Amino acid sequence: EASIKQRTAIEYLEKVDRLYSLPQELLDAALLRKNNPNATLKELCRLSNTALTVSGLNHRLSKIIEIYEDMRNS
């Protein structure tokens, strides 16, 4: 469920040409999820090039969803 919501938000941001204008840490998290759609957060953290905790990654992906929802509701 969470992965689907994350991917939906990322796909939307990419469609409206806003994905690459995200802050670098959010863009990195978005690309990790986009390139590994079925991976768990723990697996994504292991795949990351930077030291990233599950909590930190979850926070970043939640922020992306928040940006997506704000854009959709405005």
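Just so you know, all these numbers are worked out from the coordinates, no wet-lab data involved. Remember, it's a predicted structure, so these values are computed and weren't measured experimentally. Virtual Cβ from ideal backbone geometry, glycine too; neighbours counted across all protein chains shown.
Observations on the model:
- Efficiency of FRET between residue 54 and residue 16 - r from beta-carbon atoms, R0 25 angstrom, step 0.05: 0.30
- From helices alone, the chain scores -23000 deg cm²/dmol at 222 nm; the rule is -39500 (n - 2.57) for each run of n ≥ 4 DSSP H residues, then divide by the residue total.
- Once divided by 2.2 N^0.38 Å, the Cα radius of gyration of the chain becomes 1.01.
- Here the gap between residue 25 and residue 43, fully extended at 0.36 nm per residue and compared with their Cα-Cα distance, gives a gain of 4.7 nm.
- If only the Cβ of Lys and Arg carry +1 and only the Cβ of Asp and Glu carry -1, the dipole of the range 12-74 around its Cα centre is close to 160 debye.
- For residue 50, net neighbour charge (Lys/Arg +1, Asp/Glu -1) across residues whose Cβ lies under 12 Å away: 0
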